[in-house]
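Asks: Take this structure, written in structure tokens, and hold onto it; I'll ask about it next.
The values are calculated or read from the model by the stated rules, or taken from the named source; none is laboratory data. Just so it is clear, the structure is predicted and the values come from calculations on it, not from any experiment. Note: ideal-geometry Cβ built from the backbone for every residue, glycine included; neighbour counts use all protein chains shown. When the accessible area is computed, the model is the full protein with side chains, heavy atoms only, and any ligands, DNA or RNA have been set aside. Shrake-Rupley method; radii C 1.70, N 1.55, O 1.52, S 1.80 Å.
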Amino acid sequence: MAVGAPKNIQQTLVLIKPDGLKKSLTGNILTRLSETKLEIVAARITRVSRELAVEHYKFLQDKPFFEDLVKYLQGELHDRRKAMAMVYWGEEAIARVRKLAGATNPEEADPTSIRGSYGRITTLGLYENVIHASTNPEEAEREIKLWFSPDDIIVDLYPTKTITLNHTTSRVWA
Ligand code: IDP
Ligand code: MG
């Protein structure tokens, strides 16, 4: 990039999926992601309801593997009903994280990528690829708003509004 060219600052949603947690890969994955020099601006370990998993993967609902995918994200295939969700922020965040993550199919992923190193294809035919990463800015916005509330994130990424519910005010996505 030319000196002085404007930086393309982006945010991206990263999930360590239940297989990554079950295989004790959290430390390895975070170390690999630190190569990007991006900043973590939100992080939480969370249970994944069926509603959240379906909404997250709704664009794949016509695929034959959709039901297995929903169970996978919920942790039902790994006896680990949780995922770790993070927002990475910085220059070219989306492409940098995708490159480190590797291709969707772990057998086709670069063997040095996270998915190439740790992913597998199950006997059901599902790609268990230990990590999720947003693919473009629109997807990142939809996914970050799905997994996080404004006050969970230490930078202001998208417009918000303040609402009052039962005399309690909170900030929600506008
Ligand atoms: P991505 O995770 O690389 O963005 P998507 O096409 O968004 O790939 O698919 C979401 C997830 O669904 C993948 O990460 C993988 O776990 C699973 N998946 C995608 N395509 C297939 C397939 O053809 N067979 C089995 N599982 C798949
Ligand atoms: Mg995707």
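Asks: Going down the table (LYS23/LYS82; LYS23/LYS145; LYS82/LYS161; LYS7/LYS82), which pairs top 25 Å between alpha carbons?
Replies: As for pairs spanning more than 25 Å Cα to Cα, those are LYS23/LYS145; LYS82/LYS161; LYS7/LYS82.
Asks: Counting every Cα pair in region 1-57, what percent are over 14 Å apart?
Replies: 69 percent
Asks: OK, next. At 7 Å along Cα-to-Cβ for each site, give me the label-to-label distance between LEU30 and THR122 in nm.
Replies: Computed distance between label sites LEU30 and THR122 equals 2.6 nm.
Asks: Let me ask you something else. Using a simple charge model, +1 on the beta-carbon of Lys and Arg, -1 on the beta-carbon of Asp and Glu, nothing else, what dipole does region 1-83 show about its Cα centre, in debye to the nearest 20?
Replies: Using Cβ point charges on Lys, Arg, Asp and Glu, region 1-83 gives about 260 debye.
Asks: Moving to a separate point now. Where does the chain land at 222 nm, in deg cm²/dmol rounded to the nearest 500, when only DSSP H runs of n ≥ 4 count, each adding -39500 (n - 2.57), divided by all residues?
Replies: Result for the chain, helices only: -8500 deg cm²/dmol.
Asks: Related question: What is the distance in Å between the Cα centroid of region 1-64 and that of region 130-170?
Replies: With region 1-64 and region 130-170 each reduced to a Cα centre, they are spaced 14 Å.
Asks: Calculate the spin-label point distance for LYS63 paired with GLU51, positioning each point 7 Å from the Cα along the beta-carbon direction, and give it in nanometres.
Replies: 2.4 nm
Asks: Still on this structure, please answer the following. For the chain, build the charge dipole from Cβ charges (+1 Lys, Arg; -1 Asp, Glu) around the Cα centre, then report which of PRO150, GLY4, THR26 sits farthest towards its positive end.
Replies: THR26
Asks: Turning to a different aspect of this structure: Please calculate how many Å² of accessible area the chain carries per residue, with a 1.4 Å probe and no DNA, RNA or ligand atoms counted.
Replies: Heavy-atom SASA per residue in the chain reads 55 Å².
Asks: Beyond 21 Å, what percent of the Cα pairs of region 14-159 remain?
Replies: 40 percent
Asks: Below 8 Å, C-alpha to C-alpha, sequence gap of six or more: please give me the relative contact order for the chain in percent.
Replies: It rounds to 29 percent for the chain.
Asks: Quick one: with all protein chains in place, what share of the accessible area of region 1-108 is carbon or sulfur, to the nearest percent (1.4 Å probe)?
Replies: 50 percent
Asks: Could you tell me which residue out of THR36, PHE59, SER49 lies farthest along the dipole of region 30-69 toward its positive end? Charges go on the beta carbon: Lys and Arg +1, Asp and Glu -1, centred on the Cα centre.
Replies: THR36
Asks: Kirkwood Rh over Cα pairs of region 131-174 into Stokes-Einstein at 25 °C, 0.890 mPa s: D in µm²/s?
Replies: Taking Rh from Cα pairs, D becomes 211 µm²/s.
Asks: Given Cβ point charges of +1 (Lys, Arg) and -1 (Asp, Glu) and nothing else, what value in debye, to the nearest 20, does the dipole of region 4-137 about its Cα centre take?
Replies: 360 debye
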